[in-house]
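Enquirer: Questions regarding the structure given below will be posed in turn.
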Amino acid sequence: MKHTPERPLRVAILISGRGSNMQALAQTVVAERLPVDICTVLANRPDAAGLAWARAQGLPAEALSHKTFDSRDAFDAALLARLDALRPDYILLAGFMRVLGSDFVRHFDGKIINIHPSLLPAFPGLHTHQQALAQGVQWHGCTVHFVTPVLDHGPIIAQGAIPVLAGDTPDHLAARLLPVEHQVYTQVLRWLAEGRVSLCADGRVQLDGAPHRAWAGPHLFNEQDCHEHE
Ligand code: GRF
């Protein structure tokens, strides 16, 4: 469905820390007047820097501290109840560092999207930049994907890649990748707002009604290649 200012796409953005991906998404909504209603910026850590930024922008922002729950399941259940009350069309994980249980993921089947700092399926989990350097890959990147019960797995919507350069450290890679993450995630948000991307029953991603090969950022392709998808 193509969203309009009268019927905006409702998104909940979940963060754990700095929230630069969330900021890029929120800034794009404003700058491009996307028909997107950010119904909450929710952090599992009350001290997440991104929460303060969101509040300063006048966005609804809240904390649900996982530390106040006895178990992972109890936290998931509380998060599920909160998000159900907000009725988001999509739940965007943007540096959200809690693993969500399979009951939670199945409840929101096809509605949860994550950004992961590697070219999945390579390097799921933590320390992805370190893993990439240890393996000697020549290309590294990020992946925006639908979330399934398997961690850092699931149908890929878009990827962005950067070359690994001589002398790179994990910090260098992280710093060079971050703006690409922002670019790729905001592109996915545009597609969602325009109703162009969807997850089919067969588990494949469709863009404009056709099977979709992951979009890679413009740093890999020339302008014409990119516009072919628009
Ligand atoms: C990003 O690299 C994201 O891909 C990963 O955690 C980092 C979060 O950064 N999952 P930020 O909080 O969005 O600035």
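The values are calculated or read from the model by the stated rules, or taken from the named source; none is laboratory data. Because the structure is a prediction, the values reported are computed rather than measured. Note that each Cβ is placed from the backbone with ideal geometry, even for glycine, and that neighbours are counted across all protein chains shown. Each accessible area value is taken on the protein alone, full model and side chains, heavy atoms only, with ligands, DNA and RNA left out. Shrake-Rupley method; radii C 1.70, N 1.55, O 1.52, S 1.80 Å.
Enquirer: For the chain, return all DSSP H helices satisfying: extent of Cα atoms along own axis at least 15 Å; mean Kyte-Doolittle hydropathy at least 0.0.
Expert: Length and hydropathy pass: 20-31, 72-86, 170-193.
Enquirer: A follow-up question, please. With Kirkwood's inverse mean 1/r over C-alpha pairs for Rh, give me the Rg to Rh ratio of the chain, two decimals please.
Expert: 0.95
Enquirer: Roughly speaking, to the nearest percent, how much of the chain's 1.4 Å accessible area is carbon and sulfur? Working shown, then result.
Expert: Numbers: 5980 of 11330 Å².
Carbon and sulfur atoms account for 53 percent of the accessible area of the chain.
Enquirer: Now, a different point. So, with +1 on the Cβ of K and R and -1 on the Cβ of D and E, and no other charges, what is the size of the charge dipole of the stretch 3-65 about its Cα centre, to the nearest 20 debye? Present the calculation step by step, with values, prior to reporting the outcome.
Expert: On the way: 6 positive and 5 negative charges, 12 e Å.
With Lys and Arg at +1 and Asp and Glu at -1, about 60 debye.
Enquirer: Ranked highest first by the average count of other Cβ atoms within 10 Å around their residues, in what order do 191-199, 52-60, 9-17, 164-172 fall?
Expert: Ranked by mean Cβ neighbours within 10 Å, highest first: 9-17, 191-199, 52-60, 164-172.
Enquirer: Only helical DSSP H runs with n ≥ 4 go in: add -39500 (n - 2.57) per run for the chain, normalise by residue count and round the 222 nm mean residue ellipticity to 500 deg cm²/dmol.
Expert: On the way: 7 runs with 78 residues, N = 230.
One gets -10500 deg cm²/dmol as the mean residue ellipticity at 222 nm.
Enquirer: Hey, another quick one. Over the chain, with the other protein chains present, what is the accessible area per residue in square angstrom, probe 1.4 angstrom?
Expert: With the other protein chains kept in place, the chain gives 49 Å² per residue.
Enquirer: Given R₀ = 22 Å, what would the calculated FRET efficiency be for Arg18 paired with His172, taking r from the Cβ atoms and rounding to 0.05?
Expert: Step by step, r from the Cβ atoms, then E = 0.80.
Enquirer: What is the calculated FRET efficiency for Gln206 to Lys2, with r their C-beta to C-beta distance and R₀ = 25 Å, to the nearest 0.05?
Expert: My answer for the efficiency is 0.95.
Enquirer: Additional query: At 7 Å along Cα-to-Cβ for each site, give me the label-to-label distance between Ala74 and Arg106 in nm.
Expert: Distance between label points: 2.3 nm.
Enquirer: At most 12 other Cβ atoms within 10 Å and a DSSP loop assignment: could you name the trypsin sites (Lys or Arg not before Pro) in the stretch 107-193 that fit?
Expert: Answer by residue number: there is no such site.
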